[in-house]
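Structure record follows, encoded as structure tokens.
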Amino acid sequence: MTRSRIAVVPAVLLAALAVTSCSSGSDDKPAKEANEQPISKQFNQGEITQAIPDRGEAPAGYDPGSLGKDRPGTADDCTHTEGGSPKGWARAGDTNFFYNGSSRSRMMDLAVCQFDTSENAKTAYTAWAKREGLTPVQAKQTSVGEESSFLVSKTGSVYAYVRSGTVNIEVKVADAGEDATAAHDMAATVLKRLQQIQDGKRPTATAAEIAAAAQKK
């Protein structure tokens, strides 16, 4: 009797653990899928400002520069045609970041562009990604959003272009050679913060978290 009971208890525990494990996996999956949902929300100007990383939230070495993060962007921040306005453009956020206090070495520019539809965002993204004078970066950066491109200019500036639903994100890092790490992490951080806002949460994502997650892959 005693030995029989001892044999049954581990079996019950194993069954319980198996149920718990399956339940945990099921709970994690919707959360992951929710995080990967494209941006569909029409953000107001304040929400775009919240999505822009502040001091301590940007990639290592970068702090807000001469442009305030609450500076509203303009239509030509979202196109490479000076004075142009992409079809369906709604609003933007535009700012910059200094690297270790320098406005000349590895300075970063960021633009967050909201469009009325994902189709118009895609058209503008395609125009960005096919800009003349840029070539793909041979790097190990992971994709971001629904579409992303990592490109380098002849002068050594690296660009990250990302589209998720109705939003495009552009990051430019001057004098970066072919190192797209900072551009990738900034774009991914901004997208994560937009996703948090869309889900009704506070935007808390940081570039340090993005970098740590990338190292685990």
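Remarks
- Close pairs (7 angstrom Cβ cut-off, 6 or more residues apart or separate chains): farther than 19 Å from A111 by Cβ in region 190-217, in a helix (DSSP H, G or I) and modelled with pLDDT under 95 anywhere: D199/A34
- Residue that is within 20 Å of the chain's Cα centre (by Cα), in contact (Cβ under 8 Å) with a residue 12 or more places away in the chain and within 19 Å of F43 (Cα to Cα), where the choices are T79, T117: T117
- Members of region 167-217 found to be in contact with a strand residue (DSSP E or B) (Cβ under 6 Å, 6 or more places away or on another chain), among the β-branched types (V, I, T) and assigned to a helix (DSSP H, G or I), listed by number: V190
- T155 meets all of the listed conditions (1) surrounded by 17 or more Cβ atoms within 10 Å (Cβ to Cβ); (2) assigned to a loop (DSSP other than H, G, I, E, B); (3) among the β-branched types (V, I, T) but one, namely (1).
- Filter result for A34 (under 16 Å from the mean Cα position of the chain (by Cα), of a type outside the set (S, T, N, Q), under 14 Å from Q196 (Cβ atoms) and at pLDDT 50 or above): no
- Of the criteria (1) touching a residue at least 40 places away in the same chain (Cβ under 8 Å); (2) over 30 Å from G200 (Cβ atoms); (3) surrounded by fewer than 14 Cβ atoms within 10 Å (Cβ to Cβ), which one G56 fails: (2)
- Complete set of residues in region 53-101 that are in contact with a Ser or Thr (Cβ under 9 Å, 6 or more places away or on another chain) and of a type in the set (K, R): K69, R71, K87
- Taken over region 44-75, the criterion of being in contact with a Pro (Cβ under 9 Å, 6 or more places away or on another chain) and either farther than 29 Å from A211 by Cβ or of a type in the set (V, I, T) (or both) is satisfied by I48, T49, I52, A75.
The values are calculated or read from the model by the stated rules, or taken from the named source; none is laboratory data. Please read these numbers as outputs of a predicted model, since none were measured by experiment. No Cβ is skipped: glycine too gets one built from the backbone with ideal geometry, and neighbour counts run over all protein chains shown.
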